[in-house]
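Take a look at the structure below.
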Amino acid sequence: MGRAVRPWVSTGRLQYSAKQVVGERYCLTSHAAGFIDALYSRGLATTLELVNALGWRLIAASRDGDWSMERFSHVEALQQGLFDFHDDLVYSSFVGFGHYDLWNAVNRTWMLGTMSGNMMVEDAYYRYSETGDPQVFLEAERSGHPGSPLPISESFVRLGTMTRELCESVEQGTVAPADAAARRGHRSALAHAPALRHAPVRVLGGGRGERLPVLRLHLVTTAPP
C-alpha cells in the first residue's frame, strides 16, 4: 500500500470564471476569462479556439465598420461553453478516480471527443483545400453546441451531459459506480468505435493506426447527427 512521504496540503477552490467575457472594446480569453483545473491541459487549446473565432470577426468588423456586440455573440457563447464542457469533464474525472470502471468510462468520453473533434477539423481543412470555400470552417459554429469538442454531433453532446449526470448520481449515492459505468458504456455514440466502447481495451492511444480509419470512415459516412 502506498504511503505519503509528507503531509497532504489542501487549499480552497481555485476555480473562477467571468460572467461576461465579451464587451465594448474588450474580449477575455482562456485564463483571463476563467480557470477550472489543469487536469487535461486545455488552456492553450481553448485560447487558440477563442482566438480563431475572434480573429476573423475582428478583420470583418474593421472592413465594414460593424462593431456591434451581436457580431461577437458567438465568442461569448463559445467561451462559456468551453468552461461548461471542461468543468463537466474534470468533475466527472475526479468522481471516477475512486472507481476504476467509472474512470474507464469517463476517460472514453474524453478520448471520443478529442479524437473525433480532431478529425472534424481535419475534414474541414480537407474540404477547404478541395473547394477553396471558407464557409466549411463555420459549420461547427452553426451547430448550436459551442464549447463541445464535437459540436456537430448531437449524440456526443448528449453523451457528455449523461456522463456528468451519472457521476453526480454516484457522488450522491443514488447510483453504484459500476452501474453508472455500464449505463455510460451503452450509448450509441460509441457504436462506431469498438476500442472506445469495450472496457477491457485499456490503451486508447490515437496512434493505433488500425482504429483510426474505421472511426474516420464512420464520421464521414454513417455517423449520427
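Side notes on the structure shown:
- Global form of segment 1-136, assessed from the alpha-carbon gyration tensor, a/c cut-off 1.5: oblate
- Residue-span extension gain [Met111 to Trp56] - 0.36 nm each, minus C-alpha spacing: 16.9 nm
- The Met162 and Arg127 beta-carbon pair, evaluated with R₀ = 41 Å, returns a calculated FRET efficiency of approximately 0.85.
- Shape category assigned to segment 22-86 from the gyration tensor of Cα positions, a/c cut at 1.5: prolate
- Highest mean packing comes first when the peptides 88-96, 34-42, 171-179 are listed by Cβ atoms within 10 Å, giving 88-96, 34-42, 171-179.
- For Val5, the accessible area of its heavy atoms, probed at 1.4 Å with every protein chain present, is near 130 square angstrom.
- Residue-normalised accessible area of segment 101-190, given per residue in Å² at a 1.4 Å probe: 49 Å²
- Cα-projected label distance for Tyr40 with Met69, points at 7 Å along beta-carbon direction, nm: 3.0 nm
- Given charges at Cβ of Lys, Arg, Asp, Glu: segment 112-152 dipole, positive-most of Ser129, Pro151, Met119: Pro151
- Added length on full extension, which subtracts the Cα-Cα distance from 0.36 nm per residue, Thr11 to Ala176: 56.5 nm
- Taking the protein heavy atoms of segment 1-99 in the context of the full set of protein chains, the accessible area attributed to carbon and sulfur is 58 percent at 1.4 Å.
- If you plug the beta carbon distance of Ala4 and Tyr26 into 1/(1 + (r/R0)^6) with R0 = 41 Å, you get a FRET efficiency near 0.40.
- Modelled FRET efficiency - R0 45 Å, Ala18 with Leu217, Cβ distances, 0.05 increments: 0.65
The values are calculated or read from the model by the stated rules, or taken from the named source; none is laboratory data. Remember, it's a predicted structure, so these values are computed and weren't measured experimentally. Glycine gets a Cβ as well: all are built from the backbone with ideal geometry, and neighbour counts include every protein chain shown. Surface areas here come from the heavy atoms of the whole protein model, side chains and all, with no ligands, DNA or RNA. Shrake-Rupley method; radii C 1.70, N 1.55, O 1.52, S 1.80 Å.
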